[in-house]
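**Q** Sharing a structure, written as structure tokens. Questions coming.
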Amino acid sequence: MYKIIAFIYLLFPYFSIAQSNNSASIKLAIDKLNTLGTVLYFAAHPDDENTRLIAWLANEKHYKTGYLSLTRGDGGQNLIGTEIGIELGLIRTQELLAARNIDQGEQYFTSAYDFGFSKTHEETFNFWKKEETLKEAVYLIRKLQPDVIITRFPPDTRGGHGHHQASAMLAHEAFDAAADPNKFPEQLKLLKPWKAKRLVWNTANFGGMNNTNDNQLKIEIGDYNPLLGYSYGEIAAKSRSQHKSQGFGAASNRGKSTEYFEHVTGTKATESLFDGINSSWDRLNEPQLTNKIKQQIEAIQETFRVQHPEQSIAQLNELHASINSLKPSLWKDRKLRAVETIILQCAGILLESVTAKPNFQVQESINVSNEIIVRNPEIKVILLAINDKAINETIPFNETSKFNSSLEARAWTQPYWLEKPNSLGKFDVQEQDFGNPENVNTPSVEFKISVQGLPITVNKEIQYRYVDPVDGEILQPISITPIFTAELENNNVLLAANGKKELTLKIKNHSSIAQKATLTIMDNADVKVRLDNPNLEIPAFGELNQTLTIEKLNDKDLSNIQLLINNQKLTGIREIAYPHIPKITWFPPLAIQVKNIELNHAIKRVAYISGAGDLIPQSLENIGIQVDQLKESQLSVNNLIPYDAVVVGVRAYNVSKNLKSWMPQLLAYTKKGGTVLVQYNVNTRIPSELLGPYPFELTRSRVTEEDAKVVFNLPNDPSMQYPNKITAKDFDNWVQERGLYFADNADSNYRKPLSFADKNEQAHDGSLLIASYGQGKFVYTSLSFFRQLPAAVPGAYRLFVNLLSKEVK
Ligand SMILES: [Zn+2]
């Protein structure tokens, strides 16, 4: 099931105003030295954040500005590929980091899992384990010490999505709890209680709901920043357009724009978000020193020369000394690091730690080429040490100096939140990782350098560098893998009692030496597994295929098979690459799930028209159906006739450029006796004659509780009877939801055999429409088969093949 996707990969081709050494960026960084204020924006998902406000707070007001997204957006739909769940969360994590790289905010997460659309905060809190999520939010507030906390949503139904409502409630509770030493006292070993000045709700006017009003605090944020050459509306659009997996490309917004804030708690603001907050050096209460610091910063601002930033280094070193003589505080540390970064920029110092290959395996030695160059003149730079090994060499002007180092690859580079299995609503993470967007212990090199006498320590993440003939020099993260990983064409096996299935297991040796290994299977009373040959010899970097024969011994619903290699659990490896984000590597567990299924069908070949991307083709192949993916241009009646059925991928109507030309072909095929099954689409004013043979409408209604009760409106409908008799049991163990974007106002030619209702809601019968048309059958279904089949839900398979099967008349 875990296949490596080989997309062409190019890193960081995107617009970036960050980590630039140009003089405008240095000037902005110097200006920021005068501001000691922090803002935390608080919401639930990647894309909830107000990128314009974040860009404005960080670059116009110079505040340290964080965005806490409670989840990584795992539960959404993917508009650029087939990854869903955890892998979609991995992609969206990187999309948010790419967005922050542009708007200069900082990114944080909790361990809450986006389990899909939720209608109530009660359901959300059940999944998230409210107290646990609150604990992480409190930890982050105590760590960042924000002066102002801003929510995107209100804590009630006006917030819409249950996650949104919950995010506002959590923000309020965390605001109070962070200040209370009796709350989560274990955190106070390292942190102090923190009381932010105020909590406000950043109201908005969208989606037909206007929560702004003239009594709210209004702030104009449409400014243009000449140092950046962009207005905040423009930066916001570039930042927001990083949410590519959600299809959120946004147009630039230029000119005036107003943000509205409703007071929630703390001291009310009337003029600005920072009313009554001292965000200057005076807040440190050491007037003698801070007055001097302010004068020093002012002098640097006045004398900074864009052609010769290095001429500011002496003053910056003096400023560093003044800050260093302050009493210990969070701001002292932050400003020391900021000054050090500016000094490196002023000197034009570039540090890189690169490898000649992307992957290493545990225990391998990582050989690193460390490069340092000083590109501005007349600065005395000494490389003192690399990884605590003394070097003490003066670095010549404008010549790359190279120093080799090596370190042992220790732990796999598994994203920290995926180290342990997650529950349905939460990842299992340790306190030291609370809030972190990514691993903090990525393989890195520590440089100690002296710039005009000031020692500065810099940690550089080790990267793989190569040159792509089209895209030029590319840097990407390195990964540390287990010695062995394995791939199965499918790790969800559906079998009836006494059924047998063969699977091919492809085992890879990642090391540069041949390896002997023993493959074993953990004892299992429900399933018998036979191996070709448990004693393996795999050449260096080689692969070996093993055939596993799985025999199900009883009719138990679910059994897990765990494979061991040299008595260690075998894992998979997945690489995810898209042009707008760094390459992602992770190691999914490689257990085989064997599920009980009694499945009858006569379907041999299915034509598939892809939409926004789903794993239905692989899922149908999993039960022995041949699936041919056809292009829109191939959809003629003649081409379709040989197929038992045609399946249309999720959102195909939304992404198709030629729906008008192929839909009539599909309907003509149906007329001649074919079966067409169309999966869900979003309503984007598609003409009703293109939806199906008879009219219906698309709505935003969904049934989000995966265990929502099923009602059989037409228990004797052929779709419920043949070839598999569908019962309530077939709706057990569904994942995430029943369905989304249900149909409504369907023509009377459609049969609607099923209804579902979330708790306290009316039952909805728009999840499945079936119409006989000519000699054939047309099915429109909003049931989330695209989630259920890849998750190998037996009942969903039984229903799906019924829908594809010819009806017995
Ligand atoms: Zn959201």
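**Q** State all residues of the range 749-774 that are of a type in the set (S, T, N, Q), in contact (Cβ under 8 Å) with a residue 24 or more places away in the chain and assigned to a loop (DSSP other than H, G, I, E, B); if no residue qualifies, say none. I'd like the intermediate steps shown before the answer.
**A** Of the residues in the range 749-774, the ones of a type in the set (S, T, N, Q) are 749, 755, 760, 762, 767, 772.
This time we only want the ones that are in contact (Cβ under 8 Å) with a residue 24 or more places away in the chain, so: 749, 755, 767, 772.
Matches in the range 749-774: ASN749, SER767.
**Q** Among residues belonging to the range 680-701 that are free of Cβ contacts under 8 Å to residues at least 12 places away in the same chain and assigned to a loop (DSSP other than H, G, I, E, B), point out the one that is surrounded by the fewest Cβ atoms within 10 Å (Cβ to Cβ).
**A** Only one residue fits best here, namely ARG685.
**Q** How many residues are hydrophobic (A, V, I, L, M, F, W, C) and either more than 41 Å from the chain's Cα centre (by Cα) or surrounded by fewer than 19 Cβ atoms within 10 Å (Cβ to Cβ) (or both) when one looks only at the range 374-390?
**A** Applying the first criterion (hydrophobic (A, V, I, L, M, F, W, C)) to the range 374-390 yields 374, 379, 381-386, 390.
Remaining after also requiring either more than 41 Å from the chain's Cα centre (by Cα) or surrounded by fewer than 19 Cβ atoms within 10 Å (Cβ to Cβ) (or both): 379, 382, 384-385, 390.
Of the residues in that region, 5 qualify.
**Q** Which of (1) open to solvent by less than 10 Å² (accessible area, probe 1.4 Å); (2) within 22 Å of THR82 (Cα to Cα) does ARG787 not meet, given it meets every other one?
**A** The one condition ARG787 does not meet is (1).
**Q** So, one more: Looking at (1) closer than 23 Å to SER257 by Cβ; (2) within 16 Å of the ligand (Cβ to nearest atom), find the lone condition where ALA58 falls short.
**A** Of everything listed in (1) closer than 23 Å to SER257 by Cβ; (2) within 16 Å of the ligand (Cβ to nearest atom), ALA58 misses just condition (2).
**Q** Continuing with this model, one more query. Sort out which residues of the range 444-489 are in a loop (DSSP other than H, G, I, E, B) and open to solvent by 20 Å² or more (accessible area, probe 1.4 Å), and write them in order of number. Break it down into steps so the answer makes sense when it comes.
**A** We begin by selecting, within the range 444-489, every residue in a loop (DSSP other than H, G, I, E, B); these are 452-453, 462, 469-471, 478, 482-483, 489.
Passing the criteria: GLN452, GLY453, PRO469, VAL470, ASP471, ILE483, GLU489.
**Q** Kindly indicate the residue of the range 547-564 that is β-branched (Val, Ile, Thr) and surrounded by 14 or more Cβ atoms within 10 Å (Cβ to Cβ) and also farthest from VAL493 (Cα to Cα) among those meeting that condition. Don't jump to the end; show me each part of the working.
**A** Just the residues of the range 547-564 that are β-branched (Val, Ile, Thr), to begin with: 547, 549-550, 561.
Next cut, surrounded by 14 or more Cβ atoms within 10 Å (Cβ to Cβ) only: 550, 561.
Numbers: ILE550: 9, ILE561: 10 Å.
My answer is ILE561.
**Q** Answer yes or no as to whether GLU446 is in contact (Cβ under 8 Å) with a residue 12 or more places away in the chain and closer than 30 Å to GLN515 by Cα. Don't jump to the end; show me each part of the working.
**A** Values: in contact (Cβ under 8 Å) with a residue 12 or more places away in the chain: yes; closer than 30 Å to GLN515 by Cα: no.
It is false that GLU446 is in contact (Cβ under 8 Å) with a residue 12 or more places away in the chain and closer than 30 Å to GLN515 by Cα.
**Q** Taking the criterion of being open to solvent by 50 Å² or more (accessible area, probe 1.4 Å), within 16 Å of ASN491 (Cα to Cα) and not polar (S, T, N, Q), would at least one residue in the range 504-516 satisfy it? Can you show your working first?
**A** So in the range 504-516, the residues open to solvent by 50 Å² or more (accessible area, probe 1.4 Å) come out as 504, 506, 508, 512-514, 516.
Add one more test, that the residue is within 16 Å of ASN491 (Cα to Cα), and what stays is 504, 506.
In the following step, the residues that additionally are not polar (S, T, N, Q) were identified as 506.
Yes: one or more hits.
**Q** Shifting gears a bit: Take the range 71-89 and flag every residue that is more than 16 Å from the ligand (Cβ to nearest atom) and touching a helix residue (DSSP H, G or I) at 6+ places or on another chain (Cβ under 8 Å). Quick ask: steps written out before the conclusion?
**A** The first filter runs over the range 71-89 and keeps only residues more than 16 Å from the ligand (Cβ to nearest atom), leaving 80-87.
Hits for the range 71-89 are ILE80, GLY81, GLU83, ILE84, ILE86.
**Q** For the range 302-330, enumerate the residues that are open to solvent by 60 Å² or more (accessible area, probe 1.4 Å), of a type in the set (Ser, Thr, Tyr) and closer than 24 Å to SER23 by Cβ.
**A** Hit for the range 302-330 is THR303, nothing else.
**Q** Residues that are in contact (Cβ under 8 Å) with a residue 60 or more places away in the chain and more than 30 Å from SER656 (Cβ to Cβ): which strands (runs of 3 or more DSSP E) entirely in the range 564-637 hold 1 or more of them? Please lay out each step first, then the result.
**A** Numbers: elements: 574-576, 584-586, 591-596, 605-609, 626-629.
It comes to 584-586, 591-596.
**Q** Of a type outside the set (Asp, Glu), at pLDDT 95 or above and open to solvent by 50 Å² or more (accessible area, probe 1.4 Å): does that describe PHE397? Working first, answer last.
**A** Values: of a type outside the set (Asp, Glu): yes; at pLDDT 95 or above: yes; open to solvent by 50 Å² or more (accessible area, probe 1.4 Å): yes.
Judged against the criteria, PHE397 is a match.
**Q** A follow-up question, please. In this structure, is ARG254 modelled with pLDDT under 95 and open to solvent by 50 Å² or more (accessible area, probe 1.4 Å)?
**A** Numbers: modelled with pLDDT under 95: yes; open to solvent by 50 Å² or more (accessible area, probe 1.4 Å): yes.
Spelling it out, ARG254 is indeed modelled with pLDDT under 95 and open to solvent by 50 Å² or more (accessible area, probe 1.4 Å).
**Q** So which residues in the range 99-126 are crowded, with 23+ Cβ neighbours inside 10 Å, of a type outside the set (Asp, Glu) and assigned to a helix (DSSP H, G or I), if there are any at all?
**A** ALA99, ARG100, ILE102, HIS121, THR124, listed by residue number.
**Q** Looking at the range 584-614, which of the residues that are among the aliphatic types (A, V, I, L, M), farther than 16 Å from TYR797 by Cα and at pLDDT below 95 is farthest from the chain's Cα centre (by Cα)?
**A** So the first thing to find is which residues in the range 584-614 are among the aliphatic types (A, V, I, L, M), and the list is 584, 590-592, 594, 597, 599, 602-603, 606-607, 609, 612.
Keeping just the survivors that are farther than 16 Å from TYR797 by Cα gives 584, 590-592, 607, 609, 612.
After this cut, where a residue has to be at pLDDT below 95 as well, the list is 590-592, 612.
Values: LEU590: 22, ALA591: 24, ILE592: 25, ALA612: 17 Å.
Filtering the range 584-614 for residues that are among the aliphatic types (A, V, I, L, M), farther than 16 Å from TYR797 by Cα and at pLDDT below 95, the one farthest from the chain's Cα centre (by Cα) comes out as ILE592.
**Q** Quick test of your reading of the structure: ASN567 fulfils all but one of (1) surrounded by fewer than 18 Cβ atoms within 10 Å (Cβ to Cβ); (2) under 24 Å from PRO415 (Cα atoms); (3) touching a Lys or Arg at 6+ places or on another chain (Cβ under 7 Å); (4) not basic (Lys, Arg). Name the failing condition by number.
**A** Among (1) surrounded by fewer than 18 Cβ atoms within 10 Å (Cβ to Cβ); (2) under 24 Å from PRO415 (Cα atoms); (3) touching a Lys or Arg at 6+ places or on another chain (Cβ under 7 Å); (4) not basic (Lys, Arg), ASN567 violates only (3).
**Q** Considering only strands (runs of 3 or more DSSP E) fully contained in the range 139-231, which possess at least 1 residues that are closer than 30 Å to PHE434 by Cα?
**A** Details: elements: 148-151, 198-203, 217-220.
Because the criterion is at least 1 residues that are closer than 30 Å to PHE434 by Cα, the strands (runs of 3 or more DSSP E) in the range 139-231 that meet it are 148-151, 198-203.
**Q** Name every residue in the range 166-181 that is open to solvent by 10 Å² or more (accessible area, probe 1.4 Å) and within 16 Å of the ligand (Cβ to nearest atom), in order of residue number. Show your work before the answer.
**A** First, the residues of the range 166-181 that are open to solvent by 10 Å² or more (accessible area, probe 1.4 Å): 169, 172-173, 176, 179-181.
Listed by number, the list holds a single entry, MET169.
**Q** Being in contact (Cβ under 8 Å) with a residue 24 or more places away in the chain and assigned to a loop (DSSP other than H, G, I, E, B) is the filter; apply it to the range 308-342 and report the residue that is farthest from ILE141 (Cα to Cα).
**A** Looking at residues that are in contact (Cβ under 8 Å) with a residue 24 or more places away in the chain and assigned to a loop (DSSP other than H, G, I, E, B), I get HIS308.
**Q** Could I ask something else about it? What are the pairs, 6+ residues apart or on separate chains, where a residue within the range 175-201 that is over 24 Å from PHE274 (Cα atoms) and in contact (Cβ under 8 Å) with a residue 12 or more places away in the chain has its Cβ under 9 Å from a residue that is open to solvent by 70 Å² or more (accessible area, probe 1.4 Å) and acidic (Asp, Glu)?
**A** Sorted first by the residue in the range 175-201, then by its partner, the pairs are LYS183/ASP176.
**Q** Still on this structure, I have one more. Consider the range 602-631. How many of its residues are open to solvent by 60 Å² or more (accessible area, probe 1.4 Å) and of a type outside the set (Gly, Ala, Ser)?
**A** Qualifying residue count for the region: 7.
**Q** Being open to solvent by 20 Å² or more (accessible area, probe 1.4 Å), in contact (Cβ under 8 Å) with a residue 60 or more places away in the chain and in contact with a strand residue (DSSP E or B) (Cβ under 7 Å, 6 or more places away or on another chain) narrows it down to one residue among LYS729, LYS709, LYS671; which is it?
**A** Numbers: LYS729 fails: in contact with a strand residue (DSSP E or B) (Cβ under 7 Å, 6 or more places away or on another chain); LYS709 fails: in contact (Cβ under 8 Å) with a residue 60 or more places away in the chain.
On inspection, the qualifying residue turns out to be LYS671.
**Q** Which ones in the range 208-228 are free of Cβ contacts under 8 Å to residues at least 40 places away in the same chain and more than 26 Å from GLU271 (Cα to Cα)?
**A** Residues of the range 208-228 free of Cβ contacts under 8 Å to residues at least 40 places away in the same chain: 208, 210, 214-215, 220, 222, 224, 226.
GLY208, the sole residue that qualifies.
**Q** Within the range 20-52, work out how many residues are away from the ligand (no atom under 16 Å from the Cβ) and touching a residue at least 24 places away in the same chain (Cβ under 8 Å). Explain how you work it out, then say what you get.
**A** Let us first name the residues in the range 20-52 that are away from the ligand (no atom under 16 Å from the Cβ), namely 20-40, 52.
Filter once more, so that each one left must be touching a residue at least 24 places away in the same chain (Cβ under 8 Å): 21, 23-40, 52.
Residues that pass the stated criteria total 20.
Yes or no, residue by residue, for (1) closer than 29 Å to SER559 by Cα; (2) of a type in the set (Lys, Arg); (3) within 36 Å of the chain's Cα centre (by Cα):
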| position | (1), (2), (3) |
| --- | --- |
| ASN716 | no, no, no |
| ASN724 | yes, no, no |
| ARG751 | no, yes, no |
| ASP765 | no, no, yes |
| LEU769 | no, no, yes |
| TYR773 | no, no, no |
| THR781 | no, no, yes |
| PHE786 | yes, no, yes |
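The values are calculated or read from the model by the stated rules, or taken from the named source; none is laboratory data. Only a predicted model underlies this, so the values are computations on that prediction, with no experimental measurement involved. Note: ideal-geometry Cβ built from the backbone for every residue, glycine included; neighbour counts use all protein chains shown. Ligands, DNA and RNA are excluded from the accessible area calculation, which covers all protein heavy atoms including side chains. Shrake-Rupley method; radii C 1.70, N 1.55, O 1.52, S 1.80 Å.
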